[in-house]
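First the structure, in the form of structure tokens, and then the observations on it.
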Amino acid sequence: MSICKYACVFVGLVLLAACFSGCTTSRSTSNGDQLPIEATSTPANPVTTRMTDSPVTTATGNGVVDTTISIRFNDYDCLDIQEGFGVVYLNAGEKYSIRVSPPANPVNVNLLLLDVGDKERIQVVKPEWNAVTKTWNYAGIVPLVQFNDVAVTAEKTVTIKNQGKYFLCADDRKESGVNDAVIRVPVRVTRV
């Protein structure tokens, strides 16, 4: 093997090692200790995040997540609110205003704010119409906030009671028939 081939193999191995090792940078303090450098963003510049199967989400430094939840006809999808705000958990006592606008499609979806346990249950629980209360019920699920049949822009405020993970779920599983339509539900979550 020629020297050129050995050099190419060596460079390739170095690049692989660099890719798998991950690079970290630290800065020194006056006493010589190393401090990790944290990623920060300025409030004036929006941070753009990609949500699961949804369009781009914009989280601004002033505590606002403005996005669209995309769901297929007769299906549901959930937005990870923590990811939108760039935090691990929502904390007890924090207040959030949730605004939902009707999708452009001529369907009325439900929007629910769920904790992590109820988010797991919604996979198997379909909404059932309650003729007495004129609302959609989800057996065994207790949403913190629920919007039924969103036909006009609506807004509600909620106070988080327990620290944890919360999800905003748009649900169209009450529809009948088959359709390839993708429904886009505009939502805005603001920390109050």
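The values are calculated or read from the model by the stated rules, or taken from the named source; none is laboratory data. Not measured: the values here are computed from a predicted model. No Cβ is skipped: glycine too gets one built from the backbone with ideal geometry, and neighbour counts run over all protein chains shown. Note: areas computed on protein heavy atoms with side chains; ligands, DNA, RNA excluded. Shrake-Rupley method; radii C 1.70, N 1.55, O 1.52, S 1.80 Å.
Within the range 148-166, work out how many residues are open to solvent by less than 20 Å² (accessible area, probe 1.4 Å) and either within 14 Å of Y76 (Cα to Cα) or more than 19 Å from the chain's Cα centre (by Cα) (or both).
Total satisfying the criteria: 1.
Would you confirm whether any residue within the range 169-180 is polar (S, T, N, Q), open to solvent by less than 70 Å² (accessible area, probe 1.4 Å) and in contact (Cβ under 8 Å) with a residue 12 or more places away in the chain?
no
Working carefully through the options V107, V65, V88, find the one that is buried (at least 19 other Cβ atoms within 10 Å of the Cβ) and in a loop (DSSP other than H, G, I, E, B).
Within the list V107, V65, V88, the selection yields V107.
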